[in-house]
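The values are calculated or read from the model by the stated rules, or taken from the named source; none is laboratory data. Since the structure is predicted, the reported quantities are computational estimates derived from the model, not experimental observations. Every residue, glycine as well, gets a Cβ built from its backbone with ideal geometry; the counts of neighbours run over all protein chains shown. Note: accessible area is taken over every heavy atom of the protein model, side chains too, but ligands, DNA and RNA are not part of it. Shrake-Rupley method; radii C 1.70, N 1.55, O 1.52, S 1.80 Å.
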Amino acid sequence: MLRGLYTAASGMLAQERRVDWLTNNLANAETPGYKADAAAMRAFPELLMSRLEDQPIPTASKRAIPTQTVIGPLNTGVYMQELIPNFRQGDVKETGLATDIALVDGQVPVDRTSGQRGALFFAVANGQGEVRYTRNGHFTLSPDGYLTTQEGWYVLDANGERIPLSSERFAVHDDGTIIDENGTTTRLGVVFAANPQTLVKEGNGLFRSTTGPLPQAPGNVTYTVKQRFLERSNVDVERTMTDLLAAYRTFEANQKIVQAYDRSLDKAVNEVGRLK
């Protein structure tokens, strides 16, 4: 009986975590460049049940009938294994702000070893030189005259250096070339992750590479940089709401099973074997 109680409880915990990441996706539905998470749910290994004492069962004819040794498999519950970001391109919307820059994927190859489609990112760095990667192109100008994210991370050029700008009167060409009002030319840094599943989310739309610095986009990768545009999140709001309701219903079903086990245990402890 307790095995079934643990199985239902594990289902409740898994659905609780599922609700957490679905609501997080909904909360970031309007965050520029946000990549929605998808969860990988897995079952615990099954147990093969069998009798501890295999004794023959006597019958009226006094002929023993052998018992079945193997009873069958027992499922031991489910758990959330990991969250996997979905790097699909989000829709692009026009904002009219000169510091808003959208990265639009073109021809992006699929990695042969992992089977994953590659992904493009802007490279940014903090004051200590730590490099991270983002698709959120909602940039701004810092007080010291550099192109930065809203959180203060410096946007890097193709050489890994900060991008100085004298004002917001600058132009960005489709290939990422930035021309300041003074005529200074800089190439916006666009890096390529052959297998984006090696990246780890760190919040605020930032990703960290677990395999070292990402290289600049090679020649076989094409993209377009659009000024005064932003990439929207790739969250499917309707699908997420449907999945959220399904998670609630599954949680309630497991909860009812736990309550049924609780009532059965209550009867076994307080009523079975009572002397009157």
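A few points about this structure:
- Across all Cα atoms of segment 77-125, the radius of gyration (one decimal) and Dmax (whole number) stand at 15.8, 52 Å.
- Using only side-chain charges placed at the Cβ, +1 for Lys and Arg and -1 for Asp and Glu, the dipole size of the chain relative to its Cα centre rounds to 1600 debye.
- Between segment 199-252 and segment 8-35, the Cα center-to-center distance that results, in Å: 14 Å
- Sparsely packed loop sites in segment 214-276 (the GluC sites (Glu not before Pro) outside DSSP H, G, I, E and B with at most 16 other Cβ atoms within 10 Å) comprise Glu271.
- In this structure Asp91 has an accessible area near 110 Å², from a 1.4 Å probe over the protein heavy atoms.
- Taking the Cα centre of segment 138-276 as origin and assigning +1 to Lys and Arg Cβ atoms and -1 to Asp and Glu Cβ atoms, the resulting dipole is close to 880 debye.
- Measuring r between the beta carbons of Asp20 and Asn182 and using R0 = 51 Å, the FRET efficiency lands at 0.55.
- For segment 224-272, the per residue solvent-accessible surface stands at 66 Å², with DNA, RNA and ligands left out and a 1.4 Å probe.
- Most fluctuating residue given options Gln255, Gln197, Gln15, as computed from a GNM of the chain linking Cα atoms under 10 Å: Gln255
- The 3J(HN,Hα) values that the Karplus relation (6.51, -1.76, 1.60; θ = phi - 60°) gives for segment 86-94 are, in residue order, 9, 8, 4, 4, x, 5, 10, 10, 8 Hz. Gly and Pro appear as x.
- Rg to Rh, two decimals, where segment 182-276 supplies the alpha carbon set and Rh follows Kirkwood: 1.38
- As a fraction of the 1.4 Å probe accessible area of segment 177-276, surface on carbon and sulfur atoms comes out at 52 percent.
- Shown is the FRET efficiency for Asp266 and Ala246, computed with R0 = 25 Å from the Cβ-Cβ distance and rounded to the nearest 0.05: 0.25.
- The residue list Val104, Ala253, Gly219 was ranked by how far each Cα lies along the charge dipole of the chain toward its positive end, using unit charges on Cβ atoms, and Ala253 comes out on top.
- Over the chain, relative contact order from alpha-carbon pairs under 8 Å, at least 6 apart, %: 26 percent
- Trypsin sites (Lys or Arg not before Pro) restricted to segment 102-183 and DSSP loop, no more than 14 other C-beta within 10 Å: Arg112, Arg169
- Once the Cα atoms are used to define both axes, helix 2-27 deviates from the longest principal axis of the chain by about 20 degrees.
- Acute angle (nearest 10 degrees) that the helix 237-270 long axis makes with the longest principal axis of the chain, alpha-carbon atoms: 30 degrees
- Isotropically averaged projected area of the chain, using the convex hull of Cα atoms (one quarter of hull area), nm²: 24.3 nm²
- Full extension of the chain between Ala38 and Ser167 gives 42.4 nm of extra length, using 0.36 nm per residue less the Cα-Cα distance.
- FRET efficiency for Arg228 and Leu13, using Cβ-Cβ distance with R0 set to 35 Å, rounded to 0.05: 0.15
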